[in-house]
Amino acid sequence: MSGVPGVAPLADGQFVQEREDPGPGEGVVARIGVDPGSGDSQFPTTESVVRNGVIPIGLSVLFGAGVVTWLGWWGSVLNYRVPVRHWVRFVPISMPVVAVLGVNHPDLSDQPVSLVPALVMMTALVGIGEELMFRGIGVQVFKRAGLSEGKVALWSSVVFGVVHVSNAFGEGTQAVSQAVIVSTSGYFFYLCLRVGGTLLLPTLVHGLWDFSLASNAVGATPKAIPRDDPVDRAPGRPDRAGDRQAPHRRTGRPSRRHHRRPGRPPRRRALTPRCTRGPRAVTDVSQG
């Protein structure tokens, strides 16, 4: 043992930090599906965030926008004018303050320059897509079904939590608690819609809230160990990067002539005299 909590020894006297218990940002990671790699960060590289987060979530936003366009609900989705009590205005004020205070500034400052904008774009798309789907289409579906405003708030929040239960499959009772927490946050986003009268306000609050959660899933060592790093190879295992077979010039297939096993010296071909063509060459050989 290394004597330091959370650190495991490796070969050649090197150490690597072990992953700790799941933090508050695990829900965002499970929702997006980013591979954490070998570091203690749930968002190891900018490429993984863009590939597994920005691109698929952006496509889902386009799908939701297409559904709203097909239904012809843009006017009622973007503008939701319902009377609200004065104390409810505290919700869209307190949530951004709590989100800003919860941002993990120390670990974010240690990340690559391109990773933080990628996280901002990813969480902003999460806010746009989910608010368009649940506080946009979902609220309108329940509203047009004739439900009262209280039931619209209730059932849109319940659906929001049930959809996120799929992120917690295999966790037992924790899935239920996560659904309750997500449903509660969905109700707060609905109150933001009521106060603002437009879908823009819950979208901004939702994106900021998810960025705060994602920042707490960013560790001090964001980069995963590369495949050609000596730590990733077993002790005594040679680097096989130079043992690859060279392709044949005509067929493009690996040529056995260039392949040899590691540690074995190359075979040398014996030099034999080569006879040249023509009568003069025959005369020269006979004279020799």
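Data overview
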{"read-out": "Over the range 37-100: Kirkwood hydrodynamic radius from C-alpha pairwise inverse distances, Å", "value": "15.8"}
{"read-out": "Theoretical FRET efficiency, 1/(1+(r/R0)^6), r = Cβ-Cβ of VAL88 and SER109, R0 45 Å, to 0.05", "value": "0.80"}
{"read-out": "Amide H within-cut-off set for THR198, under 5 Å, with H built and near neighbours excluded", "value": "TYR80"}
{"read-out": "Karplus 3J(HN,Hα) series, Hz, for the range 112-129 with 6.51 cos²θ - 1.76 cosθ + 1.60 (x for Gly, Pro)", "value": "x, 4, 7, 6, 5, x, 5, 5, 4, 5, 5, 5, 5, 5, 4, x, 5, x"}
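Each value in this text was obtained by applying a stated rule to the coordinates, not by laboratory testing. Values in this document were obtained by computation on a predicted structure and should not be read as measured data. Here the Cβ is made from the backbone with ideal geometry for all residues, glycine too, and neighbour counts use every protein chain on show.
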